[in-house]
1. Counting DSSP beta bridges with both partners in the range 22-227, what percentage is antiparallel, nearest 5?
2. Can you sort His334, His222 by 1.4 Å-probe accessible area, starting with the largest?
3. Below 8 Å, C-alpha to C-alpha, sequence gap of six or more: please give me the relative contact order for the chain in percent.
4. Which of the lysines could be linked to Lys279 by a straight reach, that is with a Cα gap under 29 Å, when you skip same-chain ones fewer than 8 residues away?
5. Say R0 is 25 Å: what FRET efficiency, to the nearest 0.05, do Phe143 and Lys179 get from their beta-carbon distance?
6. Points 7 angstrom from Cα along the Cβ direction at Lys128 and Phe66: gap in nanometres?
7. Only loop residues by DSSP count here, and only those with at most 14 other Cβ atoms within 10 Å; note down the trypsin sites (Lys or Arg not before Pro) in the range 18-86 that meet that.
8. Mind checking which aspartates and glutamates have their C-alpha under 12 Å from Lys272, skipping anything on the same chain fewer than 8 residues away?
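The values are calculated or read from the model by the stated rules, or taken from the named source; none is laboratory data. Nothing here was measured: the structure is a model prediction, and the numbers come from that model. For neighbour counting, all protein chains shown are included, and Cβ atoms are generated from backbone atoms with ideal geometry for every residue, glycine included. To get the accessible areas, we keep the full protein, side chains included, count just its heavy atoms, and leave off ligands, DNA and RNA. Shrake-Rupley method; radii C 1.70, N 1.55, O 1.52, S 1.80 Å.
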Amino acid sequence: MGKFVIEGGRQLYGEIKIQGAKNAVLPLFAAAVLTEEKIVLKNVPHLADVENMLKILNTLGVETKFEKDTVQLCASVMRSDTIPCSLAKELRSSVFLLGSVLGRIKRARVAYPGGCDIGLRPIDIHIKGLRDLGVKVEEKEGFILCEGSECKGGNVCLDYPSVGATENVILASVLGNNKTIVQNAAREPEITELVRFLNTMGAKISGEGSSVLRIEGVEKLHGAEFTVMPDRIVFGTYLLSLCLTGGEITFLYAKEGDVGALLSKLDKNSCKICREHGKINVIVKERAKNCESVTTQPYPGFPTDLQAPYMTYAAVSEGTCILTENIFENRFRHVPELQKTGANIVVRDRVAIISGVPYLTGAEVTARDLRGGASLVLAGLCARGITVVQDIYHIDRGYENMEETLSKVGARIARL
Ligand code: EPZ
């Protein structure tokens, strides 16, 4: 299943270009289903989740081509309304294909995506949102069957600002002659990106970035060419790796505004940030003196996807950090692995109390999920000695060539 072998203790110097955002690309792929014309997406990262989503689109009849960092998609003919069970289980984000297949051919079937490494991941908010639009939704024999011929738009109020449910409701509402208002919509930058992309295709959506979206259905959407935003979680992860090792990195194609909640927590005395001509230069000369406590929240709060990498940063900062995971119920699976490297962490339900230690020690650890796996690599980068991270397929779901990116700035990391 692949492993990383990391020799810790090396400072990082050089440049990192931030890859395209996984959690933006996936809904943009789904949006391509809404037009018969060609879509061209640039800055697409080579990731397992991206490859799996393309496979699902192919089963629906979408032609796709992936060359270098550019993906072409053409849904001129839809061959099926069913998202295959095997692939749907492989990739939770297939669930928002529901909205776009519905939008295109007024019916859709998807296998229940089920839980994953970090929690049960129910889709009740998705289903209620679609029903509020007038979609008939039936749950039968492990499948979700949607019939949207009487979809009438209207007012959708999400019980929680779910990212995926917001994306599904948008994708199901952009075609047709209905007006839809989505209240308590998610405000993540990836939602703003999806709205920008759909508007480039001729949609009429406003309110992006706020919790109220207004969608005026249009008859058709046309093809478009679009460059995907940088991945804010990947940026935050590599920024934290620098905070752990010390050194100086210039981040290219990174958007500081998307990681504001993280930047506000970093120790200003040890982490110096300056911006110049679209680049973000960061110098870290010393160990963080203190590590502010964090509670994960929907955007613009502290992102749950940076909880695990931040925990590693807290593990070797001075003082005590209280980390509360408010979004997913099972997102501390990296804790026992970090404890193997000497991290001092106590967990009570959704709260982790981290007491900083002077250093971590290399150990054999196992990735249990995507972001938890990244936190173990960060531990290896700053630990004394050798760290082996097993089951790195989890990490490959979201970080493109992580070992190459880190080696280029001086880390000693190899994939075996
Ligand atoms: C998206 O997941 C991201 N995935 C996640 O990133 C991210 O952690 C999450 O948003 C929160 O920001 C993609 O975009 C592909 P939610 P999503 O619906 O849409 C509960 C990563 O590491 N909920 O906002 O599934 C849910 O169980 C991944 O890149 C319901 O109860 O997130 C969770 O506790 C991990 N019912 C909370 O809401 C529902 O119908 C947030 O989920 C939907 C969600």
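1. About 70 percent, rounded to the nearest 5.
2. Result of the area sort, largest leading: His222, His334.
3. For the chain, the relative contact order is 21 percent.
4. Cα-Cα hits under 29 Å: Lys17, Lys22, Lys42, Lys68, Lys255, Lys265, Lys268, Lys289, Lys408.
5. Efficiency, rounded to the nearest 0.05: 0.25.
6. 3.5 nm
7. Of the trypsin sites (Lys or Arg not before Pro), the ones in loops of the range 18-86 whose Cβ has at most 14 other Cβ atoms within 10 Å are Lys68, Arg79.
8. Excluding near neighbours in sequence, the set is Glu248, Glu286.
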